[in-house]
Amino acid sequence: QVQLVESGGGLVQPGGSLRLSCAASGMIFSIYVNAWYRQAPGKQRELVAAFTSSGNTNYADPVKGRFTISRDNAKNTVYLQMNSLKPEDTAVYYCNTVPPAREHWGQGTQVTVSS
């Protein structure tokens, strides 16, 4: 059974940093295109950062230069380093593949940026 478990969220002040983790089980996550998504209250879920099929990375415009996606294949884990956080980054963050598999959505991890 495939399971993606996100962690590392929390409350942080504007300008702060967080590192999110996504641990995959039941699948070799690295053979898929991995990505982070987020969903803010009242908004649709959106793609934040992703690996391309060639292993390069793509980022949504609002997070370019601030967020970095990485992975540890040995740990079957994908990370999202988030720096210079802004209140508009407040959302529940999820990991999944590209395109996302409906059955793989986990609980996500809440990130709240507030002073």
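The values are calculated or read from the model by the stated rules, or taken from the named source; none is laboratory data. Computed from a predicted structure; not experimentally measured. Note that we place each Cβ from the backbone using ideal geometry, even for glycine, and neighbour counts take in every protein chain shown. Just so you know, the surface numbers come from the protein's heavy atoms only, side chains and all, with ligands and any DNA or RNA stripped out. Shrake-Rupley method; radii C 1.70, N 1.55, O 1.52, S 1.80 Å.
If you go through the range 1-32 and keep only what is at pLDDT 95 or above, in a strand (DSSP E or B) and of a type in the set (S, T, Y), you end up with S7, S21. Here I69 meets the list (1) open to solvent by 60 Å² or more (accessible area, probe 1.4 Å); (2) within 15 Å of Q81 (Cβ to Cβ) almost entirely, failing just condition (1).
Sort out which residues of the range 33-70 are among the polar types (S, T, N, Q) and not in a strand (DSSP E or B), and write them in order of number. The answer is Q44, T52, S53, S54, N56. Of all residues in the range 106-115, those that are of a type outside the set (G, A, S) and either out of contact with any strand residue (DSSP E or B) (no Cβ under 6 Å at 6 or more places or on another chain) or free of Cβ contacts under 8 Å to residues at least 12 places away in the same chain (or both) total 1. When the range 44-91 is filtered for residues that are among the aromatic types (F, W, Y) and either more than 22 Å from V2 (Cα to Cα) or out of contact with any Cys (no Cβ under 8 Å at 6 or more places or on another chain) (or both), the ones remaining, listed by number, are F51, Y59, F67. Looking only at the range 72-86, residues that are open to solvent by less than 90 Å² (accessible area, probe 1.4 Å) and at negative phi come to 10 in all.
Taken over the range 14-30, the criterion of being over 15 Å from the mean Cα position of the chain (by Cα) and either under 14 Å from T77 (Cβ atoms) or open to solvent by less than 50 Å² (accessible area, probe 1.4 Å) (or both) is satisfied by G16, S25, G26, M27, I28.
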